[in-house]
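Worksheet: one structure, shown below.
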Amino acid sequence: MKILRLENLTKNFGGLIAVNNVNIELQEGEILGIIGPNGAGKTTLTNLVAGTLEVSSGKIFFQDSDITNLPAHLRVRIGISRTFQTVRPLKDFTALENVVVGALFAKGESLSQARESAYKVCRFLKLERVDSYPDKLTVFELKKLEIARAIVCNPKVLFLDEVMAGLNFEEMKQMIQIVKSLKDEGMTICVIEHVMSVISELTDRVVVLDRGEVIAEGPYLEVSKNKRVIAAYLGEED
Amino acid sequence: MRKLSFIIGAVIFAVFLPTFADMYLIHVASSIMIFMCLALSWDMMLRTGQLSFGTAGFFGLGAYAAIIAVDDFSVSPVMSIFIGAIFAALIALGLGVAVLRLREMYFAITTLALTSVFMVLARNLSNLTGGAAGKILFHAIFDGDPKKIYWLILSFAIVVIALSEVFERTRIKYAISSIRNDELVAKSCGINIFKYLLFVFIITSAIQGAAGAIYAQQYAFVEPESTFSSNFLLLPVAMALVGGIYSTPGPIVGAIVLGFASEYLKLLMPYGHLIIYGIIIILTIIFLRKGVYGTILDKVRSK
């Protein structure tokens, strides 16, 4: 069953077309990878789905209802969460309080319930220094914090925007386990990633974007042999 | 526990102050508390990340609304304070829908401009406001008894302090601090940014309106230039900065320090006291970036 459908989605910034007529369907329970060279429109796509950017044309359907014009703060309440490519912790809050914010407003919990949920999520992610302020946390902890704040909202669909960037090999292995366990929890996940080994290990299917357009779609092994995909990454031969 | 007993002690002291203090001290304390409420309300808006320069404007609106309510509509003086608050809140609701789409400098300048607009309106709607000559209150509140006025202002101050603490201890704190830190993250966590900004703008404007109404009752007079005076913006801002922003104790400490300093300096040097006053403010901002309260808090925490 499809849970999220992007229909002819287009976003332009003035003359620059960042996302061009994109059609993507997300099946419930799958992990979809979105790959593509820098500037392909991956993060723009995330922003359009999360509602932090307005679409220029096209439609977004979530569980068959049209959410194209739904404000961002309501999208997270119906079940679409995202992490930010560059971590954006709230600096005046401790790690735990950062997570509490999500539980308070996305789920509408009371303060004590929210603290409970936040603890639970942090334990699940093995984020230990919950009382530290973000400036004292490591990159890995900050990445976990991004995920914690997103999943405490109980998302049905989760967009992970380059959560592996900046992690070492060992941390990456742990992060892959985390993403897999989120899938086991029943979340539908969209991974935007540059690290191909991660994509091949995690995803059921990938979509390749180049200059805002979908140029290939399918299982990773198949797509990675596609000539247009190779050309997009390495440049074309004359 | 020590904190609680300190608060109870301070409240008891404040309540019984008029029984032993002279008229002069009662008057100074009343005026400091009014400014303290303005400082707190300005800080409460700042906690959302929005720098408002509209404090004097809503103060003046409340003052005018209260005097007009009593003089022209025979409302009781105590009731008129609520009218001042409600009037300021309604205007904030109407204007907030537009100005709260602005951010940073643009929001600050627009709120400052609103104050001038209110003043021009007060000067020109002479049938209602008495125009440039101003308007006199015929029946002073509590027949002008300074002790009763003091207690009225004290009750108001306690309400404002309690409100400020509600802003610090409930989900409101999580919403407004998130908005101040990062609006994109706040949105992505399900916070309705506009709703919270409007809510805080209305509450703080109501506080400013009530403060203006009480001030008008106390002095029984409003006049465009002095009622919308920039003093009702600059002094509260200075108090909050000197005491420490983003907290309840900060503006309170700042109001007490600057309030008494200015009284003392006035006696010491009747003419040059504002220069010294200005120097105190500049020095605290340069050397105590987090204000008096914020710096003490940091010292205690780092021990």
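Annotations
- At a threshold of 40 Å², the residues of the range A:51-89 that become less accessible to a 1.4 Å probe in the full protein assembly than in their chain on its own are A:T52, A:H73, A:F84, A:R88.
- Computed over neighbours whose Cβ is under 11 Å from that of A:N20, the net charge equals 0, Lys and Arg +1, Asp and Glu -1.
- Chain B: DSSP helices with Cα axial extent of at least 24 Å and average Kyte-Doolittle hydropathy no lower than -0.5: B:2-20, B:23-46, B:55-73, B:77-99, B:104-124, B:146-169, B:193-219, B:249-268
- Highest-MSF residue in chain B out of B:V242, B:V222, B:V159 [GNM, Cα springs under 10 Å]: B:V159
- Against chain A, whose longest principal axis is taken from its Cα atoms, helix A:111-124 shows a tilt of about 60°.
- Inter-probe distance in nm under a simple model that places probes 7 Å from Cα toward Cβ, at A:N168 and A:M196: 2.5 nm
- Residues along the range B:161-187 losing 10 Å² or more of accessible surface when the other protein chains are present rather than the chain by itself (probe 1.4 Å): B:R169, B:R171, B:K173, B:Y174, B:S177, B:S178, B:R180, B:N181, B:D182, B:L184, B:V185, B:K187
- Estimated FRET transfer efficiency when R0 is 41 angstrom, pair A:I17-A:S132 (beta carbons, to 0.05): 0.45
- GNM result for chain A, Cα springs below 10 Å: residue of A:K107, A:K225, A:K143 fluctuating most strongly: A:K225
- Chain A, relative contact order in percent, only Cα pairs under 8 angstrom and at least six apart counted: 26 percent
- Within chain A, helix-based [θ] at 222 nm, where runs of 4 or more DSSP H residues each add -39,500 (n - 2.57), nearest 500: -11000 deg cm²/dmol
- Karplus-derived HN-Hα couplings along the range A:215-227 (A = 6.51, B = -1.76, C = 1.60, θ = phi - 60°), whole Hz, x at Gly and Pro: 10, 7, 8, x, x, 4, 4, 5, 5, 5, 9, 5, 4
- Inter-part distance, the range B:110-149 to the range B:1-30, computed on C-alpha centroids, equals 30 Å.
- Listed residues A:L53, A:L221, A:L96, most fluctuating in chain A (Gaussian network, C-alpha, under 10 Å): A:L221
- Contour excess over end-to-end distance, with Cα ends at B:A162 and B:V120 and 0.36 nm allotted per residue: 11.7 nm
- With 22 Å as the limit, the listed pairs A:K120/A:K183; A:K120/A:K156; A:K120/A:K180; A:K91/B:K3; A:K2/A:K173 have A:K91/B:K3; A:K2/A:K173 beyond it between alpha carbons.
- Per-residue shielding of A:100-107, expressed as the average number of other chain Cβ atoms within 10 Å of the residue Cβ, stands at 6.
- Taking the accessible area of chain A, probe 1.4 Å, and keeping the other protein chains in place, the carbon and sulfur fraction comes to 48%.
- The mean count of C-beta atoms from other chains within 10 Å of the C-beta of residues in A:145-152, rounded to a whole number, is 1.
- Sequence-distant residues sharing a close amide H with A:C190 (under 5 Å, placed H): A:L32, A:L158, A:F159, A:L160
- Size descriptor, Kirkwood hydrodynamic radius, that averages inverse alpha-carbon separations across the protein assembly as shown, Å: 26.3 Å
- Chain pair A, B: total accessible area buried, heavy atoms, 1.4 Å probe, Å²: 2000 Å²
- Debye, to nearest 20: dipole size of chain B, +1 on Lys, Arg Cβ, -1 on Asp, Glu Cβ: 1120 debye
- Inter-part distance where the range B:175-212 and the range A:86-165 are each reduced to a Cα centre, Å: 22 Å
- Selection from A:T94, A:I34, A:L70 lying farthest towards where the dipole of the range A:2-216 points positive, charges on Cβ: A:T94
- Carbon/sulfur fraction of accessible area - the range B:41-124, other protein chains in place, 1.4 Å, %: 77 percent
- Extension gain, B:I86 to B:F20: 0.36 nm times the residue separation minus the Cα-Cα distance gives 20.3 nm.
- Looking at chain B, the accessible area is 47 square angstrom per residue; that uses a 1.4 Å probe and ignores ligands, DNA and RNA.
The values are calculated or read from the model by the stated rules, or taken from the named source; none is laboratory data. Owing to the predicted nature of the structure, the values given are computational and were not obtained by experimental measurement. Ideal geometry is used to build each Cβ from the backbone, glycine not excepted, and the neighbour counts take in all protein chains shown. Heavy atoms of the whole protein, side chains included, go into the accessibility calculation; ligands, DNA and RNA do not. Shrake-Rupley method; radii C 1.70, N 1.55, O 1.52, S 1.80 Å.
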